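Please read the structure below before turning to the comments.
Since every read-out is calculated from the coordinates, none of them should be taken as a lab result. Here the structure is a predicted model, which is why all the values come from computation and not from measurement. Cβ placement follows ideal geometry from the backbone for every residue including glycine, while neighbour counts extend to all protein chains displayed.
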Amino acid sequence: MIHVHKTECESTQDLAVKLSKEYEQDDILVSCEMQLSGEGQRGKEWFSADQSLAVSFSTWASDIFALSSLEMAVLTRQFIEETFNVQTKLKWPNDIFTKDRKKCAGILIQSSNDKLIVGIGVNLFQKERPSHLNQLGSLFSEQQNIDNEKISRKLRDYITNNRMPSNIIAQQWERHCLHLNQEVKVVETDCSYRGTFKGVGEQGQALVELDGKTVELFSASLIIDPL
């Protein structure tokens, strides 16, 4: 495996994609101490906290490709709990929130050749957060003594060694869902509305109840109400 660790990096995801094309036969892992231009879902910018973990690595897709995103979220949540002893919850499709409904981690998935490039950003500690990011959180309330290079490799190895069969991914994801059977705001390209989140389907789609009918969502954004 090729592991590149940097003090600063514009985007671990961009570098991992680049390396996966240059070294097609090798597994790729990219990590850094400070990510300057992190990426989020649907082209959104990822805000890096004062102390954060930024890692991207190559792996294989789930048997049902669309479930890969949910599987990575489930395994990352498990890793956080087992490694840091911090309880977190999942927001569809692959955001990780603290128990007080603050986003502390996000996942970005891209395809590169026959590989899946998984980017994971975890906010470990944030002294102050921008006022416009009121749902931003972190795992810890104070600075931690963490070796990012070692923990990045540990995270990648944990996910690689604990891949799940596709028939249990949705069930495992729902077990830790932050907003199951709760009202959420759905934002699509040309409209927004409120409905009740009822779970995920066989392809990882969100199931939202609206006016007594279940709507299947594959690419919308969900907004949850704060506490």
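Here is how the numbers come out for the structure above:
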quantity: Cα centre as origin, Lys/Arg/Asp/Glu Cβ charges: the stretch 2-175 dipole, Debye; calculated: 580
quantity: Cut-off of 10 Å, at most 15 other beta carbons, DSSP loop: longest stretch of the chain lacking such chymotrypsin sites (Phe, Trp or Tyr not before Pro); calculated: 61-217
quantity: Calculated P(r) tail over 11 Å for the stretch 183-223, as whole % of Cα pairs; calculated: 60
quantity: Of Lys21, Lys89, Lys115, the one that fluctuates the most in a GNM where the chain has Cα springs shorter than 10 Å; calculated: Lys21
quantity: Across Lys21/Lys99; Lys18/Lys150; Lys115/Lys185; Lys21/Lys185; Lys6/Lys115, pairs whose alpha-carbon gap is larger than 27 Å; calculated: Lys21/Lys99; Lys115/Lys185; Lys21/Lys185
quantity: Gaussian network model of the chain, Cα within-10 Å springs - most flexible of Arg101, Arg77, Arg153; calculated: Arg153
quantity: Orphan Cys of the chain, criterion: no other Cys C-beta under 4.7 Å; calculated: Cys104, Cys177, Cys191
quantity: Rh by Kirkwood over Cα pairs, then Stokes-Einstein D for the stretch 143-223 at 1.306 mPa s and 10 °C, µm²/s; calculated: 105
quantity: Amide H partners (placed H, <5 Å) of Ser62, local residues excluded; calculated: Ser68
quantity: Computed over the chain: relative contact order in percent, which uses C-alpha pairs under 8 Å that are six or more apart; calculated: 18
quantity: GNM flexibility winner over the chain from Gln203, Gln143, Gln13 (Cα, springs under 10 Å); calculated: Gln143
quantity: Size of charge dipole - the stretch 183-223 - debye, nearest 20, with Cβ of Lys, Arg +1 and Asp, Glu -1, no other charges; calculated: 120
quantity: The stretch 83-227, dipole about Cα centre (Lys/Arg Cβ +1, Asp/Glu Cβ -1), debye to the nearest 20; calculated: 440
quantity: Net +/- balance of residues flanking Ile146 in space, Cβ distance below 14 Å, scoring K and R +1, D and E -1; calculated: -2
